[in-house]
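Encoded as structure tokens, the structure appears first; notes follow it.
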Amino acid sequence: MTGNLLADLPDASRAEITDILATGRDLRIERIVSRGQGSPPGFWYDQDEQEWVAVLAGSAVLILRMPDERLTLGPGDHALIPAHRPHRIETTAPDTETVWLAVFFRD
């Protein structure tokens, strides 16, 4: 399967859209398209797997706990979020699509 991660982007103005690109026994790769979304108030992700995420287009603010950290991500920026490190999306760009590439994996 081939494609372009930035082509034919879905309309994410009402809700974030996730496409699973590949999966394996301990691996999942997703393209996530956001436009102005953030995590619901008080919600924190706490995942069993590690997550490596890169912003390909747009921008986002990611909040992490333990230790507290605020990351502003733009095109080309990436972060590794260890399993069970609480995190949330503060906001994504409201005027353009934010395209993420997310890789979830277990050690």
Quick check: net charge around Thr98, other residues with Cβ under 10 Å of its Cβ, Lys/Arg +1 and Asp/Glu -1? -1
Pairwise Cα inverse-distance average, inverted: Kirkwood Rh of the chain (Å): 14.1
Which order do you get for Arg106, Arg70 if you rank them by accessible area with a 1.4 Å probe, largest at the top? Arg70, Arg106
If you plug each phi of the stretch 99-107 into the Karplus form 6.51 cos²θ - 1.76 cosθ + 1.60 with θ = phi - 60°, what whole-Hz ³J(HN,Hα) values come out, in order, with x for Gly and Pro? 10, 10, 10, 10, 10, 9, 8, 10, 5
What is the sum of charges, Lys and Arg at +1 and Asp and Glu at -1, for the other residues whose Cβ falls under 14 Å from the Cβ of Val55? -4
Multiply the residue separation of Leu6 and Glu90 by 0.36 nm, subtract the distance between their alpha-carbon atoms, and state the gained length in nm to one decimal. 28.0 nm
Ala12 neighbourhood, Cβ < 14 Å, K/R = +1, D/E = -1, net charge -4
Descending accessible area (1.4 Å probe), largest on the left, turns Asp46, Asp8, Asp19, Asp107 into Asp107, Asp8, Asp46, Asp19
Each residue of the stretch 49-57 in order: what ³J(HN,Hα) in whole Hz does its phi give by Karplus 6.51 cos²θ - 1.76 cosθ + 1.60, θ = phi - 60°, with x for Gly and Pro? 10, 6, 9, 9, 10, 10, 8, 8, 8
Compute the accessible area per residue over the chain, keeping the other protein chains in place, probe 1.4 Å, unit Å². 59
Quote the FRET efficiency, to the nearest 0.05, computed for Arg70 versus Ile29 with a Förster distance R0 of 22 Å and r equal to the Cβ-Cβ distance. 0.25
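The values are calculated or read from the model by the stated rules, or taken from the named source; none is laboratory data. Please read these numbers as outputs of a predicted model, since none were measured by experiment. Don't worry about glycine lacking a Cβ; one is built from the backbone with ideal geometry, like all the others, and counts go over all protein chains shown. Accessible surface areas use protein heavy atoms only, side chains included; no ligands, DNA or RNA. Shrake-Rupley method; radii C 1.70, N 1.55, O 1.52, S 1.80 Å.
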